[in-house]
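Below is one structure, written out as structure tokens, with a few remarks after it.
No value in this document is a laboratory result; all are computed from the given coordinates. Since this is a predicted model, take the numbers as computed values, not measurements. Please note: Cβ atoms are built from the backbone with ideal geometry, for glycine as well, and neighbour counts cover all protein chains shown.
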Amino acid sequence: MDYRAMEKKWEKKWEETKLYSFDPNQPGEKKYVLEMFSYPSAAKLHIGHWYNYGPADSFARFKRMQGYNVFHPMGFDAFGLPAENYAIKTGIHPKDSTYANMEIMEEQLRNIGGSFDWNHTVKTCDPGYYKWTQWLFLQLYKNGLAYRKEAPVNWCPSCNTVLANEQVVDGCCERCHTAVTRRNLTQWFFRITQYADELLADLPKLDWPERIKAMQVNWIGRSEGAEITFSLENGGSFPVFTTRADTLFGNTYCVLAPEHPLVDSITTPEQKEAVDQYREYAAGASDIDRLSTAREKTGVFTGGYAINPINGRKVPIWIADYVLFSYGTGAVMAVPAHDERDYEFALKYDLPIERVVEGGEGLPYIGSGKLINSPGFDGMENTKGIGAIVAALEEKGMGKLKVNYRMRDWLISRQRYWGAPIPMIHCEHCGVVPVPEDQLPVELPYDVDFTPDGTSPLLKNEAFMNVTCPVCGQPARRDADTMDTFVCSSWYYLRYPDCENTEEAFNIDIMDKMLPVDMYIGGAEHACMHLLYARFFTKALRDMGLLHFDEPFLRLVNQGLILGPDGEKMSKSRGNVVSPDDYIDQYGSDVFRMYLMFGFSYIEGGAWNDDGIKAISRFLDRVERLVGQVCENGKPQGGEKVASAAEKELLYVLANTVSRVTDDLERLSFNTAIARIMELVNALYRYREAGANNAAILWKAMGDLVLMLAPFAPHFAEEMFNRMGGEYSVFQQKWPECNEADMVRDIVNIAVQVNGRVRARLDVEAQADNKAIEAAALADEKVQAALEGLTVQKVIVIPKRLVSIVAK
RNA sequence: GCCGAAGUGGUGGAAUUGGCAGACGCGUCGGACUCAAAAUCCGAUAUGGGCGACCAUGUGCGGGUUCAAGUCCCGCCUUCGGCACCA
């Protein structure tokens, strides 16, 4: 068969008949099956796309055939750096290349055989979409969840933009791997930390991979401790955060982050030069240096002193870059006896070390024990000491229990061109003013010089920048930055069902009907970015009354990664990239998809190897031959009866196959589902080989076979269904049901073990009760031989499987 | 260092709640068809021993629980992924 021609034929027919267009009023429970949308950085789909979208599409088709009203949309995450970098290199405008890529990709996605409804799609770079991204920004702003502040931020000198914390990997830009530096800039942030607790608390509710949940827990980094106020000698005070308030008596010095605003005022004239030098040094260090645990701790004394609130002791204040300004309060109380970092620092700079917890062999000791050298608290278990000491401080207003998070607010400004403009206006008189909603979208101008120079490209477009202030009417300037593309992707799943809406981002009634997403499939690399941001958006929008649910994605599955043949991640530089195209030309897209689903465990992935691809091709050929045979033999006349053992056996295999394939698809175990179908085909061959030819049974089995094949090889199944005289389309057929009665064999083979070792096999009637089975087992010759000289202690019968005899 | 996942034949990978380990493929070997090859069809294939029905050993390593452990418990080893000076 000419697979390519056959596939094209059905793709055309599906298109013409709008087979996949979604109608919310169709019967059947709604099922929102979603794959992470694709980024159109290149026109061609790579194996990773196929591996994500092919199997996910099979799942959607399966659910559709089961009678669900499946909503299965696809779109494009179209803004972003690669298109812009490509433009800088080639001179082709990001808009032109992106739209051209999307067109080709859409065609290729049809080619996969994807059952996507292209009437429900989004392109995040369409003004009709980003108008609402901007609108959502304004809603966050109005609700105090978007704010601007100056802060030291991650700067990628190669991409010429700031990055969110989540986009910095090992101190490098996650995109280009350039070492990230820090800059003090005024930027927009989303207050995701306000939802830290809920983002953490709701995780157990989700049917997500444990791995991803663990990563989010880790990332959110909830830490229970206390905030304790240290006053300064000459007035003023500063809070520190600590998880070890119990060790407060062992505090011998304090450390501020070099960026801490208090540093200037507490530094004495004698120390000023050293402090200034150190701050310069700290600012110059890249994150890579600064974050390294192996790095030796450094710092300088400021000359200032703080008062320990529990005992009034005067302790020196140092600055050191092992204290991070962005975590906690940017200041710590150092207890060198009970903290490794403080200990190392104290040794180096010869600061006093005082033990206040008993236990351990040497110092530092971080374990638990009784408090000592802590007047008023001595002898108390240190775990209780935390509460007691904080309570004592609380009376004086010098301390309280506090929860801190590792997660920071989400920095969303980007000094790049190809993104959604931030809908804000800067007015000399009125300050920062939101663009009125009726003036949205703030359109991204086409004609912009986006050669990177460290400033926002939009800054150079005067026509864009100059506006009148919506409050006072005087000349003002637009915000020149664009939003992180993760903002665009934080809400696209809400837009799909209502993507034509020009009045609102999404209609709440439609949301009530269609959301949340029932099944979300995509790569694990988004664990702490997209998946966290989308959850934050959902919760924030819910609190604004725009949604009625708490979580966007009820079930999440991460497909594995297909590696190069060498077992390494595919990359151009390694030269181990495998392109799907040649395989598809040779075998067709069904075979390719099905091989991906058969040759790997979906969750695991693995190194590419095409040994098995011929097997799938051969398998479909076998099915085609069978279809030819049964068609030739003619349809059943009626009146055929199940008589022979071969017929019963075939029905048994069929019933089991239906049952297993259904279960396997439910849990996305595609490889075993396909193996099951292969077994059915083997059974059909055996049946034919034996000369049997009961048309009723053959047509029943073949009919179910084609239906079960439909999710995996949609074009092929449509063709076979058609050849067998089925009325278009196979996807409007009902998923086969398992005939329970056929699943029982008349005779069951049971293993008999004596003391854990199989000694005999027994053919037993399926209906036989335990006692009969037990008696038969004990009467067996081989069992009796094995029991010679032993006394039977216990007999355990597991019906239809095993008899276990214990004897001494 | 902390958190998470995994380790099964020559090979990709199977094994619902502990219940006949290695399904289904690939590869290899043998057979049928053929003048021959390809394609197709049938059969064998964990390891060691035996002509054989069979026996013994086997799921990273060492212990344990159980009639029964790839699966559960304790202690390790290795690989991969994530976090990492977070006070």
Karplus-derived 3J(HN,Hα), 6.51/-1.76/1.60, for each residue of region A:745-755, Hz, glycine and proline x:
8, 5, 10, 10, 8, 10, 8, 10, 10, 10, 6
Protection proxy ranking, peptides A:318-324, A:491-497, average beta carbon neighbours within 10 Å, highest first:
A:491-497, A:318-324
Computed for region A:703-808: size of charge dipole around the Cα centre, +1 on C-beta of each Lys and Arg, -1 on C-beta of each Asp and Glu, debye to nearest 20, value 740
Select from A:GLN637, A:TYR602, A:ILE616 the residue farthest towards the positive end of the dipole of region A:595-651; place +1 on Cβ of Lys and Arg, -1 on Cβ of Asp and Glu, and compute about the Cα centre.
A:GLN637
Using only Cα atoms, tell me the angle between helix A:81-90 and the longest principal axis of chain A; keep it within 0 to 90° and round to the nearest 10.
90
Give the percent of DSSP beta bridges with both residues in chain A that are antiparallel, rounded to the nearest 5.
75
Let me have the relative contact order for chain A, percent, based on Cα pairs under 8 Å that are six or more residues apart.
13
Around A:VAL658, with a cut-off of 14 angstrom between Cβ atoms, what is the net charge of the other residues, counting Lys and Arg +1 and Asp and Glu -1?
-4
Taking the Cα centre of chain A as origin, work out the dipole magnitude from +1 charges on Lys and Arg Cβ and -1 charges on Asp and Glu Cβ, in debye rounded to 20.
1220
Equivalent ellipsoid semi-axes, chain A, via Cα gyration tensor eigenvalues times 5, rooted, Å
60, 41, 22
In region A:472-553, how does Rg compare with the Kirkwood Rh, expressed as the Rg/Rh ratio over alpha carbon atoms?
1.06
Beyond 20 Å, what percent of the Cα pairs of region A:681-808 remain?
61
Over region A:323-414, calculate the relative contact order: mean separation of alpha carbon pairs under 8 Å at least 6 apart, over the residue count, as a percent.
18
Net charge around A:THR98, counting only other residues with Cβ within less than 11 Å of its Cβ (Lys, Arg = +1; Asp, Glu = -1)?
-3
What net charge do the residues around A:ASP276 carry, taking every other residue with its C-beta under 15 Å from that of A:ASP276, with Lys and Arg at +1 and Asp and Glu at -1?
-4
Simple spin-label model, 7 Å along Cα-to-Cβ: A:GLU381 to A:ALA607 in nm?
5.2
Using all C-alpha to C-alpha distances in region A:60-216, build P(r) with 5 Å bins and read off the rounded percent in each one.
2, 7, 10, 11, 15, 19, 17, 11, 6, 2, 1, 0
Region A:377-504: relative contact order from alpha carbon pairs under 8 Å, six or more residues apart, as a whole percent, is 26
Between A:VAL471 and A:GLU394, Cβ-based FRET efficiency (R0 41 Å, step 0.05) works out to 0.40
May I ask which of A:LYS63/A:LYS539; A:LYS782/A:LYS808; A:LYS205/A:LYS539 have a Cα-Cα span longer than 26 Å here?
A:LYS63/A:LYS539
Burial-style ranking of A:350-358, A:243-251, A:22-30, average other-beta-carbon count within 10 Å with highest first, yields A:243-251, A:350-358, A:22-30
For all pairs of alpha-carbon atoms in region A:145-231, what percent lies in each bin of width 10 Å, listed from the first bin to the last filled one?
14, 31, 37, 17, 1
Region A:537-636: trypsin sites (Lys or Arg not before Pro) in DSSP loop, at most 10 other beta carbons within 10 Å
A:LYS572
Residues with amide H under 5 Å from that of A:GLY304, placed H, sequence gap 5 or more:
A:THR268, A:ILE317
Amide proton proximity set for A:VAL432, modelled H, under 5 Å, gap of 5+:
A:CYS427
Relative to the Cα centre, what is the charge dipole magnitude of region A:567-658, using +1 at the beta carbon of each Lys and Arg, -1 at the beta carbon of each Asp and Glu, and rounding to the nearest 20 debye?
140
Given H placed on each backbone N at 1.01 Å, which residues far from A:LEU802 in sequence or on other chains put an amide H within less than 5 Å of it?
A:ALA751
The orientation-averaged projected area of the Cα convex hull of region A:641-747, in nm², is 7.0
If one computes P(r) from the Cα atoms of region A:1-104, what percent of pairs lie at distances over 18 Å?
63
